[in-house]
Amino acid sequence: MTETTGGIDMDEDTSGVVKKFLYVNRKAPYGTIYALESLEVVLIAAAFDQDVSLAFLDDGVYQIVKGQHTKPIDVKNFSPTYRALEGYDIEKLYVEKESMEERGLTDKDFLVPVQVVGRAEMADLMEQQDVVLTF
Amino acid sequence: MLHTVNKSPFERNTLDSCLTHAKKGSAILLIEDGVYGALKSTPYTDKVKAAMKNVAVYALYPDIEARGMQDRTIDGIKLVDYPGFVDLVAEHATVQAWL
């Protein structure tokens, strides 16, 4: 650490650190800004080549439902962005089974391939991370 | 009286509270995340259906479309557009916005 970098360690050996990041999405899209903000931060982590996973539970499962048409409410439809995540090597998308079923949804209703996991498995997944960011 | 509900029933008890306070002959309009309360096959479906015997339930279609919830709403819920929203407000002497 040096004075000139304001305490930020600029040594090269820290540049390649890859951590496991889990983004937990619990909010429906459009009613609040959380879903969109989460997606923005996911893309930042991807830009830093981190090991990123996304979890969708509670109302968060509504974020990736097919057939969103937001023109009538004059809001940006950000749902196509979930399909672009694959291009950033973000392919670990988990949906909580209980949340999905409670809302009358099936894995066929989602616009991206997801892995459906039970609540217990979701809890394990959260336990395995270095960083968990919940929205 | 016209009641509006703008929160998801899964996240808040707003819809539940509204349903238990809305008197016979009043109207409930579901808007924003409140439209998730208009869906079939949820734990809230039966409660809404029961309420529909006494109150008219409406949902704002642009909000349903935005969320990809077309064709998932309970039969008998009337879908309205923005001018329909305005008409409902004009038709009722008072509006209670449940937040």
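The values are calculated or read from the model by the stated rules, or taken from the named source; none is laboratory data. Fair warning: this is a prediction, and the values are worked out from it, not measured in the lab. Every residue, glycine as well, gets a Cβ built from its backbone with ideal geometry; the counts of neighbours run over all protein chains shown.
Quick rundown of the values:
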read-out: Of all residues in the stretch B:10-43 being closer than 14 Å to B:Ala59 by Cα and in a loop (DSSP other than H, G, I, E, B), the one that is nearest to the chain's Cα centre (by Cα); value: B:Ile31
read-out: Test: residue in the stretch B:16-38 that is more than 14 Å from chain A (Cβ to nearest Cβ), closer than 24 Å to A:Asn77 by Cα and modelled with pLDDT of 95 or more; value: yes
read-out: B:Asp63 buried (at least 21 other Cβ atoms within 10 Å of the Cβ), within 12 Å of the chain's Cα centre (by Cα) and among the charged types (D, E, K, R); value: yes
read-out: Total residues in the stretch A:14-33, condition touching a residue at least 12 places away in the same chain (Cβ under 8 Å) and away from chain B (no Cβ under 11 Å); value: 8
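A quick yes/no check of all residues on (1) crowded, with 22+ Cβ neighbours inside 10 Å; (2) more than 27 Å from A:Gly104 (Cα to Cα); (3) of a type in the set (Asp, Glu):
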{"residue": "A:Asn25", "(1), (2), (3)": "yes, no, no"}
{"residue": "A:Ile33", "(1), (2), (3)": "no, no, no"}
{"residue": "A:Glu40", "(1), (2), (3)": "no, yes, yes"}
{"residue": "A:Ala47", "(1), (2), (3)": "no, yes, no"}
{"residue": "A:Tyr62", "(1), (2), (3)": "yes, no, no"}
{"residue": "A:Pro80", "(1), (2), (3)": "no, no, no"}
{"residue": "A:Gly87", "(1), (2), (3)": "no, yes, no"}
